[in-house]
Amino acid sequence: MTELTGLFVEKPLNNVVAVAGADITFIARVDSTTLTRKPTMKWLKGKWLDLGSKAGKHMQFKETYDRNTKVCENIFCQRSIQKNNNRKTYFSYLQTYPFTLTDRKKRPEEPEIDVWELLKNAHPSEYEKIAFQYGITDLRGMLKRLKKMKARFYLRGDEGEAFLKKLDSCYSVHKGKKIVLTCEVVDPNVQVKWLKNGQEIKPSAKYVMEANGNIRTLTINKTTLADDAAYECVVGEDKCFTEVFVKEPPITITKLMDDYHVVVGERVEFEIEVSEEGAHVMWSDVELHKDKDSKFRFKKDGKKHTLIIQEATLDDIGMYHAWTNGGHTKGELEVEEKELEVLQDIADLTVRATDQAVFKCEVSDDKVTGKWFKDGAEVLPSSRHKMTHIGRFHRLVIDDVKPEDAGDYTFVPDGYALSLSAKLNFLEIKIDYVPRQDPPKIHLDTTGNMVSQNTIIVVAGNKLRLDVEISGEPAPTVVWSKGDQNRDVPELPSHNKFDVCQPITDTEGRVRVESRKDLSCFVIEGAERDDEGNYTIIVTNPAGEDKAVLFVKIVDVPDAPEDVRCTSVGEDSAAILWNPPKFDGGAPVKGYLMERKKKGSSRWTKLNFDVYESTTYEAKRMIEGVLYEMRVFAVNSIGLSPPSLTSKPFMPIAPTSEPMRLTVHDVTDNSCSLKWLIPEKIGAGGLDGYIIEYCKGGGTEWVVANKEICERQGFVVRGLPVGEKINFRVVAVNMAGRSPPATLQQPVTIQHPKIRLPRELRTKYIRKVGDKVNLTIPFQGKPRPVATWFKDGQPVDTKLVSVRNSNVDTILFIRAAEREHSGTYELLLQIENLEDRATIEIRIVDKPGPPLNVRVTDVWGFNAALEWEPPKDDGNCEITGYTIQKADQKTKEWFTVYEHNRRSNCTASDLIMGNEYMFRVYSENFCGLSEEPRMSKNTATIVKTGRNPYKEKDMSCMPKFTQPLIDRSVLAGYSTAISCAVKGFPKPKIVWMKNRRIIGEDPKFLMQNNQGVLTLNIRKPSTFDGGKYSCMAVNELGQDEVECKLDVRGKDSGEESKGGRRVGREE
């Protein structure tokens, strides 16, 4: 232990030696009495690596804080330390370097020490040790300077150092992710080796090794826990080291721990299930750590983890916990001492000389042994005394009974403060040699089972054997019967009375009579409740008669309690109520025993060990949010009743918080629709539903609106008084009761109807024919207003226009607008006697018709004047202009003269002398040009002046090919083309044919005509495309035709011929 300084009460050891494969634990304690708050402690490796980020399977941390002593304890455990011969790895730090703890209290700075010479002469692996020893804080800067000074020596190889930049001291990666290890070497051409725990790594899909200049990288894909190891990069004799830590994902607990209630010596198994196989689970109870050689065993089976206690003792009582890095569960263990239950007590015996006496008892545990005593002295086995133990039965058999055998016999179980006693009565046989007659006499033994005179109590299920001694000469006749022989006996109980006495004559069976000399035995095997009643024994002989009446009372365990139920719950408690059993078993009920269990579990936990007299009980120490079930046992002097029926599951919970954001969704003249959100805090018990209440403004009497609990976050309150201001509130309900109410800030009132007409609809709404019209008009008002549409003062025709109304808007929809849909639309919004109106003008427009009466009014020079009249149909909107076109009579090709001409006349200029022109005019509006133009009624001829008339040359000629088609031979699969040239006027029509059949719109062929040069392109021809191709040119003066032959060769035809020749040579 190092010297204690500063805040540390206990520090970890400076030097620790650990065995490979074993666990190692470091403990540090800090006194925080002088601090204002709890200190924060961290475990560091080296100078910069925080080990808290490496918590997982191999590294575990536990921190405790005592608020009384203000002492904080932090424990760090490293599991399964691996063996590694290189001192630069993490584990060599455990042997060489101490761990460092940091807290929030600043330590005094140590004086600065010049350690340049130490660093200059030391091995790089000793740098951190020197830094820790002398408190260097700027070690990184000094190492950079040292690295630059030694760079030349590294390049020359004098020092044998091959790395410019080594691997980082460690790397951290999440399981399943990728990580890249990078270092920099001096020689860019040098080959490196990568080692994992001393074994060379081979390139694979998981391990990718790359070299880029001086940079060497190792990429590990999809890391697993097996990749948590030490890695080396080797260049010749030089090496650099690092360590990769793989973080495990959080492990959750899918099956929680159950509570156990056992007796001393029983086996206990706390079992949980986690989300992944092979996960690490920490087990602990309160303030107790388990050693490996203790009686606690840990078992793993896939996702199941089990803590086993072979033989439970009273010291094991407590709460047991299980932790993973993503969850926690706990279970309570209750242990009680063993109680031995007596199932059959020893009965008193009365036997005669030389008879056999058998004492028998039955206990609950078949492993219990014991001893027999007579009048306090132990009975030892002998030829006449035999003791047996078979299962739960213990017997003492005495053969050839003698007078000295009479006395008190006791059986004492070993290890229990319990004894069972019975009496052996010796019956002497007296022989009177003087013949005489004695009247019969019944000698009743009032000891044993008789609790009062003539009353015998028998436990149900036990055996009743009543030996009655009879005297008299001659031997009397004995008659047993059940029922009332004498109703005048006042002291006898009258529990069961029979009008007719029932004689008992059977000598075999469950109820029988056995007769011996001077003795009559009445036997009931396995007594039942119906056996209860008055029994009469009558003995007669010539000398007289004697009679005795006995009352046999059958007592049993009580019936089970009834109607076990939970009346209320708290955060960790519940109030339980039940009804007493209908039948108490013939003995008063002393009290009750209660048990509980978690729903779904099969283990019951006792809640009380002493008898509880009341029929109400408050169960405590329960976990909030867990479903429990209860059952109750009744106890009387005979024993324990069967368990009651299991109560309905209940859950310890607290009431929820109030519902959130209570708002009014809709209001009518007699109803109100409310909406809200679930409470912010519900608790583990969930939410059963909501109760909605209302009251009049200014009143205090709240009325419940829903007869049954509302399960949704919305409700319509109906039957409200008209014209009243109403306040509403909503309460959440669960098993714990009502939550605080959520209320509205203001009472609900009716709103006036108001149409919110969009800005774009306040002017004329214009759409083209065929367009879709979709007008959405929002409005407000409460209760819900009634929206009605009108067109030109009449209700809209629903066959032409679709209307849809909602709570907040109305929609007018026309799928395809027509001219007749144009008009003035009016929206009427009404709430009872209140209303609001809005008007919308809709115009559906179309293209205009052609102008009317287009004519040439004047021709002069190279100009012509045109006039026309507006179209008859303007398309339901203003005419914005006209488009004028001209064409000469020779070519009849149309050219635009004017566009967007707004006047109904124009002048066409720059006409060509000697040509005759015709004109046409299009109308134009918002939708565009008219579908068809209007042709001019007359033409304009530009007359030649001062020149000889020009005679045009006739260029007409029949088609004639100037370049014919040429035969071709091509290779299959390679595109080709055939060409020819033709002349002719008018322009001839071209027809391509294959084998005298016209080639149609086949995508395989592409026909082109460029200034009389005709080309037929054939895309990737096959052998089937071979044949005769012809081209025909036709016009009104005649036709001409050329043809050629196309041969398509297969790809392997040449190779086959060559192969054939080779085969021939081989033959």
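Which of the residues that make up segment 361-386 are more than 30 Å from residue 640 (Cβ to Cβ) and either among the acidic types (Asp, Glu) or surrounded by 15 or more Cβ atoms within 10 Å (Cβ to Cβ) (or both)? Break it down stepwise before answering.
Of all residues in segment 361-386, those more than 30 Å from residue 640 (Cβ to Cβ) come to 374-386.
Result: 374, 375, 378, 379, 385.
Residues 258, 316: which one is charged (D, E, K, R), surrounded by 19 or more Cβ atoms within 10 Å (Cβ to Cβ) and over 33 Å from the mean Cα position of the chain (by Cα)? Write out each step before concluding.
On the way: 258 fails: over 33 Å from the mean Cα position of the chain (by Cα).
When all the criteria are applied, what remains is 316.
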Q: Please find, among 618, 624, 693, the residue that is outside any loop (DSSP other than H, G, I, E, B) and over 22 Å from residue 714 (Cα atoms).
A: 618
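Looking at the structure I just gave you, is residue 230 over 30 Å from residue 625 (Cβ atoms) and without any contact (Cβ under 8 Å) to a residue 40 or more places away in the chain? Lay out the reasoning, then the answer.
Values: over 30 Å from residue 625 (Cβ atoms): yes; without any contact (Cβ under 8 Å) to a residue 40 or more places away in the chain: no.
Taking the combined requirement at face value, the residue does not satisfy it.
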Q) Out of the residues in segment 929-959 that are among the small types (Gly, Ala, Ser) and at pLDDT below 90, which is surrounded by the fewest Cβ atoms within 10 Å (Cβ to Cβ)? A) 946
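Looking for whichever is in contact (Cβ under 8 Å) with a residue 12 or more places away in the chain and farther than 26 Å from residue 673 by Cβ here; the options are 797, 809, 792. Which one fits?
Values: 797 fails: in contact (Cβ under 8 Å) with a residue 12 or more places away in the chain; 809 fails: farther than 26 Å from residue 673 by Cβ.
After ruling out the rest, the residue left standing is 792.
Taking the criterion of being touching a helix residue (DSSP H, G or I) at 6+ places or on another chain (Cβ under 9 Å) and modelled with pLDDT of 85 or more, would at least one residue in segment 270-282 satisfy it?
Taking segment 270-282 as the starting set, the residues that turn out to be touching a helix residue (DSSP H, G or I) at 6+ places or on another chain (Cβ under 9 Å) are 278.
Checking which are modelled with pLDDT of 85 or more leaves us with none.
No, there is no match, as no residue in segment 270-282 is touching a helix residue (DSSP H, G or I) at 6+ places or on another chain (Cβ under 9 Å) and modelled with pLDDT of 85 or more.
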**Q.** Unique match (being in a strand (DSSP E or B) and of a type in the set (Gly, Ala, Ser)) among 817, 787
**A.** 787
Q. Would you say residue 994 is open to solvent by less than 90 Å² (accessible area, probe 1.4 Å), touching a strand residue (DSSP E or B) at 6+ places or on another chain (Cβ under 9 Å), closer than 24 Å to residue 959 by Cα and modelled with pLDDT of 90 or more?
A. yes
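Residue-wise test of (1) under 25 Å from residue 925 (Cβ atoms); (2) hydroxyl-bearing (Ser, Thr, Tyr); (3) modelled with pLDDT under 90.
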residue	(1), (2), (3)
834	no, no, yes
838	no, no, no
841	yes, no, no
849	yes, no, no
853	yes, no, no
858	no, no, no
867	yes, no, no
871	yes, no, no
876	yes, no, yes
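How many of the residues making up segment 180-199 are assigned to a loop (DSSP other than H, G, I, E, B), among the hydrophobic types (A, V, I, L, M, F, W, C) and open to solvent by 60 Å² or more (accessible area, probe 1.4 Å)?
Step one: of segment 180-199, the residues assigned to a loop (DSSP other than H, G, I, E, B) are 186-192, 197-198.
Checking which are among the hydrophobic types (A, V, I, L, M, F, W, C) leaves us with 186, 190, 192.
Filter again for open to solvent by 60 Å² or more (accessible area, probe 1.4 Å), leaving none.
Selection size over segment 180-199: 0.
Of all residues in segment 164-179, which are part of a loop (DSSP other than H, G, I, E, B) and closer than 19 Å to residue 246 by Cα?
Going residue by residue through segment 164-179, those that are part of a loop (DSSP other than H, G, I, E, B) are 166-170, 175-178.
Within segment 164-179, 167, 168, 169, 170, 175, 176, 177, 178 qualify.
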Q: Might you let me know whether segment 495-512 holds any residue that is at pLDDT 85 or above and open to solvent by less than 70 Å² (accessible area, probe 1.4 Å)?
A: yes
Q.
Scan segment 607-615 and tell me whether some residue there is of a type in the set (A, V, I, L, M) and surrounded by fewer than 16 Cβ atoms within 10 Å (Cβ to Cβ).
A. yes
Q) Can you find even one residue in segment 643-652 that is open to solvent by 70 Å² or more (accessible area, probe 1.4 Å) and of a type in the set (A, V, I, L, M, F, W, C)? A) yes
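Using the structure shown, decide if residue 556 is within 60 Å of the chain's Cα centre (by Cα), open to solvent by 20 Å² or more (accessible area, probe 1.4 Å) and free of Cβ contacts under 8 Å to residues at least 60 places away in the same chain. Spell out how you get there, then give the answer.
Working: within 60 Å of the chain's Cα centre (by Cα): yes; open to solvent by 20 Å² or more (accessible area, probe 1.4 Å): yes; free of Cβ contacts under 8 Å to residues at least 60 places away in the same chain: no.
No, not satisfied.
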Q) Restricting to segment 689-725, what's the tally of residues that are touching a residue at least 40 places away in the same chain (Cβ under 8 Å), of a type in the set (Gly, Ala, Ser) and under 17 Å from residue 748 (Cα atoms)? A) 3
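Scan segment 713-739 residue by residue and report those that are assigned to a loop (DSSP other than H, G, I, E, B), farther than 27 Å from residue 574 by Cβ and in contact with a Phe, Trp or Tyr (Cβ under 8 Å, 6 or more places away or on another chain). Spell out the reasoning first.
We begin by selecting, within segment 713-739, every residue assigned to a loop (DSSP other than H, G, I, E, B); these are 713, 719-725, 735-736, 739.
Filter once more, so that each one left must be farther than 27 Å from residue 574 by Cβ: 713, 719-725.
Passing the criteria: 713, 720.
If you take the residues in segment 646-681 that are hydrophobic (A, V, I, L, M, F, W, C) and within 30 Å of residue 594 (Cα to Cα), which one is modelled with the highest pLDDT?
Here the residue is 650.
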Q: Hand me the list of strands (runs of 3 or more DSSP E) wholly inside segment 528-602 holding 2 or more residues that are at pLDDT below 85 and under 18 Å from residue 620 (Cβ atoms).
A: 562-569
Q: Working only within segment 803-819, note down all residues that are among the acidic types (Asp, Glu) and either open to solvent by 60 Å² or more (accessible area, probe 1.4 Å) or at positive phi (or both).
A: 818
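Please specify each residue of segment 820-836 satisfying the condition of being under 21 Å from residue 667 (Cβ atoms), in contact with a strand residue (DSSP E or B) (Cβ under 7 Å, 6 or more places away or on another chain) and open to solvent by 30 Å² or more (accessible area, probe 1.4 Å). Break it down into steps so the answer makes sense when it comes.
Filtering segment 820-836 for residues under 21 Å from residue 667 (Cβ atoms) gives 828-836.
From what is left, the residues that are in contact with a strand residue (DSSP E or B) (Cβ under 7 Å, 6 or more places away or on another chain) are 828-831, 834-836.
Hits for segment 820-836 are 830, 834, 835, 836.
With 14, 68 as the choices, which residue is at pLDDT below 70, surrounded by fewer than 15 Cβ atoms within 10 Å (Cβ to Cβ) and outside any strand (DSSP E or B)?
Working: 68 fails: at pLDDT below 70.
That would be 14, the only listed residue that is at pLDDT below 70, surrounded by fewer than 15 Cβ atoms within 10 Å (Cβ to Cβ) and outside any strand (DSSP E or B).
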Q.
Filter segment 709-723 down to the residues that are over 37 Å from the mean Cα position of the chain (by Cα) and surrounded by fewer than 17 Cβ atoms within 10 Å (Cβ to Cβ) and list them by number.
A. 718, 719, 721, 722, 723
Q. Considering only strands (runs of 3 or more DSSP E) fully contained in segment 300-415, which possess at least 2 residues that are β-branched (Val, Ile, Thr) and under 25 Å from residue 464 (Cα atoms)?
A. 349-352, 357-363, 385-390, 393-398, 407-413
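Under the condition of being of a type in the set (Ser, Thr, Tyr) and in a strand (DSSP E or B), which residue from segment 416-455 is modelled with the lowest pLDDT?
First, pick out the residues of segment 416-455 that are of a type in the set (Ser, Thr, Tyr): 416, 419, 421, 433, 446-447, 452, 455.
Next, only the ones that are in a strand (DSSP E or B) stay: 421, 452, 455.
Details: 421: 88, 452: 58, 455: 83.
The selected residue is 452.
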Q. Looking at this structure, is residue 344 open to solvent by 80 Å² or more (accessible area, probe 1.4 Å), in contact with an Asp or Glu (Cβ under 6 Å, 6 or more places away or on another chain) and either under 30 Å from residue 516 (Cβ atoms) or charged (D, E, K, R) (or both)?
A. no
**Q.** Residues of segment 692-708 classified as surrounded by 15 or more Cβ atoms within 10 Å (Cβ to Cβ) and among the basic types (Lys, Arg), total
**A.** 1
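The values are calculated or read from the model by the stated rules, or taken from the named source; none is laboratory data. Since we're looking at a predicted model, the values are computed, not measured. FYI the Cβ positions are ideal-geometry reconstructions off the backbone, even for glycines, and counts take in every protein chain you see. Quick note on the areas: whole protein, heavy atoms, side chains included, nothing else; ligands and nucleic acids left out. Shrake-Rupley method; radii C 1.70, N 1.55, O 1.52, S 1.80 Å.
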